[in-house]
Amino acid sequence: MVVVCPRSAYLFLQNLDTMTVVTRFAPSPTGFLHIGGARTALFNWLFARHHGGKFLLRIEDTDRARSTDDAVDAIYDGLKWLGLNWDEDAISQFSRVERHREVVETLLAQGNAYRCYCTREELAQMREQAQAEGRKWQYDGRWRDRDPSEAPPGVDPVVRLKAPRDGETVIFDHVQGEVRVANDQLDDMVLMRDDGTPTYMLAVVVDDHDMDITHIIRGDDHLTNAFRQAQIFLAMGWHIPEFAHIPLIHGPDGAKMSKRHGALGVDAYRDQGFLPEAMRNYLLRLGWAYGDEEVISTEQAIEWFSLENIGRSAARFDFAKLTHLNGLYIRSADDAYLVETIRPLMEKSRNEALNEGQIALLVRAMSGLKERAKDIQELADSAMFFVSPRPLSYTEKAMNLLDEDGLTHLRRLRDEFSALGDWKSDRIETHIREYADAGDPPIKLGKVAQPLRAALSGSTVSPPIFEVMALLGKEETLGRMDDALGTH
RNA sequence: GCCCCCAUCGUCUAGUGGCCUAGGACGCUGGCCUCUCACGCCGGAAACAGGGGUUCGAGUCCCCUUGGGGGCGCCA
């Protein structure tokens, strides 16, 4: 017997443009939303949006012992931060147990499933023995055709699928292509536990069917599950969704991205200063490509996304590239948006709220600031001096610039500045250049600009100093210069 | 162990038998720009895992080896 899961029969009748594509992201709430899950969600979201279909969210919480509400919230937060909005309400898989049981009953009644009275101990023993003999462990189906009247007393049975034993099962995966496995490699999986709760394998199939999922896009660690799930779909006589098993993401060292191996929740990336749009772009390019395109807006991603362009090999996570992309997005981001983004970080580190005037100043300063930041934490730090109260504290390097020579220039310039009427960046620059040129011998601009930078920003790095002076305003500039002169 | 998947610069990738003296990006690196730091610009080093086929012709197709990954739960 050959069980074939073809590219959906109805796909030949109606094409993707006219059918409603429905995808889903189905994480289990046992921890944060990690990077691999985020990419899976992104791909599902893009595919649905590309086809004008629906992207649903289902929380796979049938394992009551390991599911937590905090984890569910972390998943919601992560998806929201990434901008991956889902359609309709999220579905709790656990809330559907009655329906799952109903399907198990149907399978039982049809003779496609049976009760197995093996105890866990018995199973453990069989597994051990198989291992000792170097055999592959597989449930031998001993209760497959046994009469239930032989059931030992006091044992709550599990329900297993009566899976085909001969032939093979083949699926056509949109990423992996045609994959086939001999049915004798697949044993009779448990559909319902001895406590009457459905297993993941059963629940996924029932839910995907009931939710009218057309395309299952998920990590390729589920590839072998696809065969087992296909058998359930077939047993129920249900239409089988399209599959697309995407390669996993590995850590920078090539090892599996796991929680103890550098895998972080998306919240950690947010906290490290990455912009969601940069994250989306990076994740998209990890395993998917559109020619030589590197910087891809979300609109473009939706337009270009297709399953066929997904690569087949695992990718390593590269912080450097993410960081570079993040810098790109920061530079092209809206000034007010960036100020809003760094605002909480700044208020936290200065332990004081920013007032309206300060916000406005930061918005005006942003074009110079964002040019030199790779992440928003850095951006927040670099913006700090604009709103720091006098007198500023200086970094050690800044101190060194405020030496005798530096202070001499500051002193002279300070007097000249107070006479300067038009406090505009280019006017200030002209003035200082003239001052430097007038020296005998002429002074290098840096000799003047750096002490100014130190006095005005407290550090050795800042946006163009003439711009900073204009932004700060004449009064504040002179005040900060006085501070520097007074302290030394 | 068994089953399945994968394999182009350090990393992400383009490449669908001739357009490949293998392209782009990150990183690295030489230079330019320059008031600092960045950005930007110009240049450089850097890859088809190995071996067999198929073909007039292979990075592209097939097989084997090697290497990586995943799965083999009353977890999801």
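Since every read-out is calculated from the coordinates, none of them should be taken as a lab result. On a predicted model such as this, the values are computed, not experimentally measured, just so you know. Backbone-built Cβ (ideal geometry, glycine too); neighbour counts: all protein chains shown.
What the table shows:
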read-out	value
One residue from A:I465, A:I443 being among the aliphatic types (A, V, I, L, M) and within 30 Å of A:L325 (Cβ to Cβ)	A:I465
Any hit, segment A:198-206, residues being more than 9 Å from RNA strand B (Cβ to nearest atom), assigned to a helix (DSSP H, G or I) and within 22 Å of A:W45 (Cα to Cα)	yes
Members of segment A:346-397 that are more than 30 Å from A:L322 (Cβ to Cβ), part of a helix (DSSP H, G or I) and within 15 Å of RNA strand B (Cβ to nearest atom)	A:E396
Any hit, segment A:325-345, residues being without any contact (Cβ under 8 Å) to a residue 60 or more places away in the chain, closer than 21 Å to A:F386 by Cβ and outside any helix (DSSP H, G or I)	yes
Verdict on A:D212 being under 25 Å from A:G287 (Cβ atoms) and of a type outside the set (F, W, Y)	no
Residue in segment A:81-94 that is farther than 30 Å from A:W45 by Cβ and either away from RNA strand B (no atom under 12 Å from the Cβ) or β-branched (V, I, T) (or both) present	no
Single unsatisfied condition, A:H100 versus (1) out of contact with any Ser or Thr (no Cβ under 9 Å at 6 or more places or on another chain); (2) within 14 Å of RNA strand B (Cβ to nearest atom)	(1)
Qualifying residue in segment A:181-191 (condition: in a loop (DSSP other than H, G, I, E, B), more than 9 Å from RNA strand B (Cβ to nearest atom) and over 14 Å from A:R115 (Cα atoms))	no
Top-ranked residue in segment A:298-327 [being surrounded by 13 or more Cβ atoms within 10 Å (Cβ to Cβ) and farther than 21 Å from A:T40 by Cβ; ranked as farthest from RNA strand B (Cβ to nearest atom)]	A:N326
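The rows are residues; the columns are (1) more than 19 Å from A:A109 (Cβ to Cβ); (2) crowded, with 17+ Cβ neighbours inside 10 Å; (3) among the β-branched types (V, I, T); (4) in contact (Cβ under 8 Å) with a residue 24 or more places away in the chain.
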site: A:V155; (1), (2), (3), (4): yes, no, yes, yes
site: A:V159; (1), (2), (3), (4): no, yes, yes, yes
site: A:D184; (1), (2), (3), (4): yes, no, no, no
site: A:D188; (1), (2), (3), (4): no, yes, no, yes
site: A:D195; (1), (2), (3), (4): yes, no, no, yes
site: A:D207; (1), (2), (3), (4): yes, yes, no, yes
site: A:T224; (1), (2), (3), (4): yes, no, yes, yes
site: A:F227; (1), (2), (3), (4): yes, yes, no, yes
site: A:I240; (1), (2), (3), (4): yes, yes, yes, yes
